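**Student:** Okay, here's the structure, questions in a sec.
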Amino acid sequence: MNPYTGTNFFTFFTTLIGRLFSFSAPLFPDEIQLIVLVGVSLSCALVGVWLTLRKMAMLANALSHTILLGIAIAFLLWRQLEGLEASFQMPLPYLFGAAVLTGVVTTLLTTLLHKQGGVQEEASIGIVFTTLFALGILLINLTARNAHIGIEAVMGNVDALTFDDVKIALPIMGLNILILTLFHKELLLSTFDSSYAKALGYSGHFITYGLMTLISLTVVSAFRSVGVIMVLALLTIPPTIGRLLTHSLKKMVLLSALVGILISLFSVALSRHLLTEFGLPLSTGGLLVALLSCAFALTCLYRLGARQKKMRSPHRLKQPH
Amino acid sequence: MFDILSYFTDPVLRGPTIGSILMCVTSSIMGVIVYLQKRALVGETLSHAAYPGVIVGLLCSVSLFHFEEANPLLALFGGAITGSLALYLLTVLTKRFRIKSDSALCIVLASFFGIGILLISMVQLTHGGLYKQAEGYLFGQAATMGDIHITLYFVLALIVALAVTLLYKELQLALFDANYAKILAIPSFSSIIFVLIVTSIVVGIRSVGVILMSAMLIAPAVSARQFVHKLSHLFWLSPLFGALSALLGNVFSYEITKALSQDRSGGKIVLPTGPTIVLVASSLCLLSLLFAPKRGLVSRLWRIASFRMTCAKENLLKYLWRHKSGSSEESLYTFLAINPLVLRPLLLYTRLQGWIEYKNGHYHLSKDGEAKAARIVRLHRLWEVYLVDYVGLGARSVHSSAEEMEHILTPELEYELTELLKDPMWDPHQQPIPPKGFLR
């Protein structure tokens, strides 16, 4: 029996802590959701920092759409090779291939259209991702004979998560942490002084492609839980909150990760709370994004207040420089 | 039996076809403006942001006003409200909080969409019937449009078209000289554009869907831009592309679905209209990016290739002109910096044209070829004289420039140069300049 049934927001956490210390298997659905969401939001928050700093957010938006085509192709291949029933719960190698392929192809096509076709950068992003997304939808509709699968990939469904999703989310989180720590210096250099990075021999293209691949892996790890579009909130909101509150990169990364983890904990607890108290089975992904935007709005208000306080402060004119 | 007219007369097909055409015309008119403002992805954010509004509109029409069915007008209205709110938030985030515009776009998009998904999960519980409809707005549901939608969209399309026509001059100013427009203080003009953009997007999401809507703003405008470079022409051509993609999208979706269901009975395979329209629009866009007469990639590459070919041909003739005793094929390969793959067909071509002859293993110029080569040498040396006499360069430094200009100078320019330089006999390197109309 699921010990979380009937818990509200606070007893959810006390139950969780109790379960943590008793350390008893197996995992219950709420715990699986918790682990997957925390893993996903940590990956997103870490890679999102670089995404927002390098002004690639809209490329990530494109990627989050085109990943559907990658997933659809991997799904077809998987079904062809192994002949299993229609579900997007694919093993890691297929997802990995889909992610890498989509990341590279999306970036390549966008650059090609922009540089060779002479289309504005934003417009070329727009054309590429809508086309590939439409192709993905058609492919799914024509082969899976189940239009709902497409909708599920867009909306995400936390309740359908199983232990297999933990086995996808956690390795990708580990990979994110590993790569971003290993290449921290290179990323830092090429983001803030791209000319110097080029002079030292770090190709900006290589880093962009690498980052895009990492993002598409992250999106792949997230699409079953929060859907391909709401992942964008996880990718952009925590880093922007960090950016609004601090000027130091280290603090920004830490804040971003903290916000991502806390909000995903809260969203699972809140979703359980709403179910217990009001009988409302709301989409946990939607709740997660709503909480994130609330946090973002609060940060904005805080900034506004801080700025006005600074403007009114009598010491304003005396500040050096 | 395929009959294109039936798409406009058949009571079942009429709704989706005409509805989508009207919607695509509306969005592609506004797409021109958005594209020229270089804010192509605003449409993406706004269409996603309209989604929660649409759901609230649907909910209101059922629970608040107790309509039998969900009212499309209320859904549009709700979408317009959240869309405008998103647009306002975008400006606040970028202006007041100095968040980079791409991050701001993403944040607003994902937040509104997430709230939409939250709402839809609520609707699923309380109004099961509405859930299907609300899902339909995700990928569009052209197939269920009826005559009421045609009337509604016709009115909205008319409003947008009228507004653009009446405000054409102001639009032109705001698009190409924003600062001047600001100085003239065209009152609340940008807000009118905003309203129009939101309107066109909200109209569009019914048939193409929230997620793919931005394609219908961008793709027709980009395709049209390949062919024309006048704003008024853009405003004509872009809706044309939009309407064409809507029509073809509907035709393909219907015909292929029909063909597939005949093929395999039982399995229900539907080619959804929205994504098909988007695919047609982006294929049209791709085709025009490749094959548009002036700006297309293929025509640009063709121009480059043919210019290179002309240069190679003229260099070959010049080389043979300098080596009057003829030249073997090997020495041509060695001394001309031309790719062998190009040189071989070039030799064949010039021989067929009768410009060069092949005798005893050596290539020679024919009479015609000599005249041609002489003209090139003449242009080369005339340009050198011009550079030395009029531009004041040293005689040593003019050769490389002349090496390029000889391929570019037209007969008119040659005439002008001859007049200006009084038909000189010698170039700065004391080489004779072949006279005009040279024939030996």
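**Student:** So what's the gap between the Cα centers of the range B:394-440 and the range B:114-158, to the nearest angstrom?
**Tutor:** Spelled out, the Cα-based centre of one part sits 72 Å from the other.
**Student:** Among B:136, B:340, A:131, which residue has its Cα positioned farthest towards the positive end of the charge dipole of the protein assembly as shown, with +1 placed on the Cβ of Lys and Arg, -1 on the Cβ of Asp and Glu, and the dipole taken about the Cα centre?
**Tutor:** B:340
**Student:** Roughly how many debye, to the nearest 20, is the charge dipole of chain A about its Cα centre, given +1 on each Lys and Arg Cβ, -1 on each Asp and Glu Cβ, and no other charges? Walk me through the numbers on the way to the answer.
**Tutor:** Numbers: 21 positive and 13 negative charges, 337 e Å.
Roughly 1620 debye for chain A.
**Student:** Would you list, by chain and number, the lysines whose Cα falls below 21 Å from the Cα of residue B:294, excluding same-chain residues fewer than 8 positions away?
**Tutor:** A:115, B:230
**Student:** Which aspartates and glutamates, if any, have their Cα less than 16 Å from the Cα of residue B:95, not counting same-chain residues under 8 positions apart?
**Tutor:** none
**Student:** Could you let me know the centre-to-centre spacing of the range A:232-297 and the range B:266-306, using Cα atoms, in angstrom?
**Tutor:** 40 Å
**Student:** What lysines sit close enough to residue B:318 to cross-link, taking a C-alpha to C-alpha distance under 25 Å and skipping anything fewer than 8 places away on the same chain?
**Tutor:** Of all the lysines, those that pass the test against residue B:318 - Cα under 25 Å, at least 8 places apart if same chain - are B:359, B:367, B:372, B:422, B:436.
**Student:** Using only alpha carbon pairs under 8 Å that are at least six residues apart, calculate the relative contact order of the range A:202-317 and give it in whole percent. Numbers along the way, then the final one.
**Tutor:** Numbers: 73 pairs, mean separation 28.5, N = 116.
After rounding, I find 25 percent.
**Student:** Defining a contact as two alpha carbons under 8 Å apart and six or more residues distant in sequence, what relative contact order in percent does chain B show? Don't jump to the answer; show the numbers that get you there.
**Tutor:** Numbers: 591 pairs, mean separation 72.7, N = 440.
Normalised by residue count, the contact order of chain B is 17 percent.
**Student:** Hey, got the Cα dimensions of the range B:321-440 along the principal axes, in Å, largest first?
**Tutor:** Dimensions of the range B:321-440 along the principal axes of its Cα atoms: 44, 27, 23 Å.
**Student:** Rank by packing, highest mean first: peptides A:29-42, A:120-133, A:278-291, B:287-300, with packing defined as the count of other Cβ atoms within 10 Å averaged across residues.
**Tutor:** Working: A:29-42: 23.8, A:120-133: 25.9, A:278-291: 22.1, B:287-300: 15.9.
Going from most to least packed, we get A:120-133, A:29-42, A:278-291, B:287-300.
**Student:** Neighbouring Cβ atoms within 10 Å as the yardstick, rank B:426, A:50, B:321 fewest first. Mind dumping the intermediate values first?
**Tutor:** Details: B:426 11, A:50 23, B:321 17.
Exposure proxy ranking, most exposed first: B:426, B:321, A:50.
**Student:** Please state the charge dipole magnitude for the range B:43-192, taken about the Cα centre, from unit charges on C-beta atoms (+1 on K and R, -1 on D and E), reported in debye and rounded to the nearest 20. Please report the intermediate quantities before stating the final value.
**Tutor:** Working: 7 positive and 8 negative charges, 129 e Å.
Computed charge dipole of the range B:43-192: roughly 620 debye.
**Student:** Placing +1 at every Lys and Arg Cβ and -1 at every Asp and Glu Cβ, with all other atoms neutral, what dipole size does the protein assembly as shown have around its Cα centre, in debye to the nearest 20?
**Tutor:** On the way: 58 positive and 42 negative charges, 418 e Å.
In debye, rounded to 20, the protein assembly as shown gives about 2000.
**Student:** Can you put B:84, B:245 in order of Cβ neighbours within 10 angstrom, beginning with the fewest?
**Tutor:** Details: B:84 21, B:245 29.
Neighbour counts put them in this order, fewest first: B:84, B:245.
**Student:** Please report the relative contact order for chain A, taking Cα pairs under 8 Å with a sequence separation of at least 6, and give it as a percent rounded to a whole number. Show your work: numbers first, answer last.
**Tutor:** Values: 408 pairs, mean separation 98.8, N = 321.
Relative contact order of chain A: 31 percent.
**Student:** Related question: When the helices in chain B are scored as -39500 (n - 2.57) per DSSP H run of 4 or longer and the sum is shared across all residues, what 222 nm value do you end up with, to the nearest 500 deg cm²/dmol? Provide the component values of the computation, followed by the final result.
**Tutor:** Values: 19 runs with 314 residues, N = 440.
Estimated from H runs of four or more residues: -24000 deg cm²/dmol.
**Student:** Once the dipole of the range B:239-338 is set up with Lys and Arg at +1 and Asp and Glu at -1 on Cβ about the Cα centre, which of B:320, B:275, B:304 lies farthest towards its positive end?
**Tutor:** It is B:320, whose Cα lies furthest towards the positive end.
**Student:** What ranking of B:235, B:8 emerges when the number of other C-beta atoms within 10 Å of each C-beta is taken as an exposure proxy, fewest first? Write down the numbers at each step before the final one.
**Tutor:** Numbers: B:235 21, B:8 12.
Starting with the residue having the fewest Cβ neighbours, the order is B:8, B:235.
**Student:** Quickly estimate the mean residue ellipticity at 222 nm for chain A, helices only: each DSSP H run with n ≥ 4 gives -39500 (n - 2.57), and the total goes over all residues, rounded to 500. Each step should come with its number before you reach the end.
**Tutor:** Working: 13 runs with 255 residues, N = 321.
Calculated from helices alone, the mean residue ellipticity at 222 nm is -27500 deg cm²/dmol.
**Student:** Continuing with the same structure: Of B:13, B:61, B:229, which is farthest along the charge dipole of chain B in the positive direction, counting Lys and Arg as +1 and Asp and Glu as -1 at C-beta?
**Tutor:** Going by the charge dipole, the pick is B:229.
Bear in mind that the values in this text are calculations on the coordinates, not laboratory data. This is a predicted model, so every value here is computed, not measured. A quick note on method: Cβ atoms are made from the backbone with ideal geometry, for glycine too, and the neighbour counts reach across all protein chains shown.
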